[in-house]
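So the structure is just underneath, and the comments pick up after that.
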Amino acid sequence: MSVHSAPAENTPATRPAMTLPRLREAASRGEKLTMLTAYDATFARVLDDAGVEILLVGDSLGNVIQGETSTLPVTVEQMAYHTRAVAQGKRGAFLVTDMPFGSYESSPELAFASAAALMRAGAQMVKLEGGGYTADTVRFLVERGIPVCAHLGLTPQRVHAIGGYRVQGRDEAAAQVLIADATALAEAGAAMLVLELVPSTLARRITEQLPQLMTIGIGAGAGTTGQVLVLHDMLGLTSGKRPRFVRDFTRLPGSAADAPGLGIAQAVAAYVAAVKDGSFPDETVHGY
């Protein structure tokens, strides 16, 4: 498949608008799902046109848009602003928005108020980090009509508590905790689960044991239902050290350093194609 275009069946002109049932149908057929972060209307349109099924308004905007050293300063109001912009630009991609730090932890009622603000801005699903107590919050939201994506493994909002950006669930005891958390979140009604920086064998186990969850990996190998990257990382625009699991999709594999790179739309289409055909990610590469 050419890296210069997205699969014909996955273009906005031919595909229906993405919904949870349609995403589940694609996953049940064994089709890999693609997700990328988006923060504005222009990039939302580019990503959608290139065939990305799921757009994530990530609180990573704190890092890549605002220049912060973590995601912690991001507010609900800022997330709603960027969600509205992405919703205006996209055509038919499914839109997920992160719930930022401090917007859901203290009570399910606070989580509902925060999630409602993001849904009013155009989100079709909200994402929150962590296991344990968050299962009750997930259930509370789902029962009130708000689809939820959970997030386990490396949870950036808790980066200070876990001691930095490091692979989670390396030993069997830690793996069992993650499996138990994933199970509780699935039982609470989460429809999707981001698995960040966990061993590929563990991500595959969770995906196989919990088929009701669409798992989205980032630095977690190829055994998940789909993949996500931060847009700026996969375009080679990372400020500072680029995570080892990221590929710069503006560069053709094996091309010389001084070779002309791909344009943004071509790079995004190359990412979509690589996820779909299984050539990305590399099962052996983890960590930052």
Inset, instruction - Identify all residues within region 188-210 that are buried (at least 21 other Cβ atoms within 10 Å of the Cβ) and among the hydroxyl-bearing types (S, T, Y); write none if there are none. - result: S200, T207
Inset, instruction - Inspect region 97-106 for any residue being within 20 Å of the chain's Cα centre (by Cα), modelled with pLDDT under 95 and of a type in the set (S, T, N, Q) and give the result as yes or no. - result: no
Inset, instruction - Counting only residues that are in contact with a Gly (Cβ under 6 Å, 6 or more places away or on another chain), free of Cβ contacts under 8 Å to residues at least 60 places away in the same chain and within 20 Å of G131 (Cβ to Cβ), give me the helices (runs of 4 or more DSSP H) lying completely in region 185-288 with at least 3 of them. - result: 200-209
Legend entry - Failed condition for G236, given (1) of a type outside the set (F, W, Y); (2) at pLDDT 95 or above; (3) within 25 Å of T37 (Cα to Cα): (2)
Legend entry - In region 227-241, residue surrounded by the fewest Cβ atoms within 10 Å (Cβ to Cβ) [restricted to those that are more than 17 Å from K276 (Cα to Cα) and not hydrophobic (A, V, I, L, M, F, W, C)]: G240
Legend entry - Qualifying positions in region 36-49 - closer than 18 Å to P281 by Cβ and in contact with a Gly (Cβ under 6 Å, 6 or more places away or on another chain): T37
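The values are calculated or read from the model by the stated rules, or taken from the named source; none is laboratory data. In this text, all values refer to a predicted model and were calculated from it rather than measured experimentally. Neighbour counts run over all protein chains shown; Cβ positions are idealised from the backbone, glycine included.
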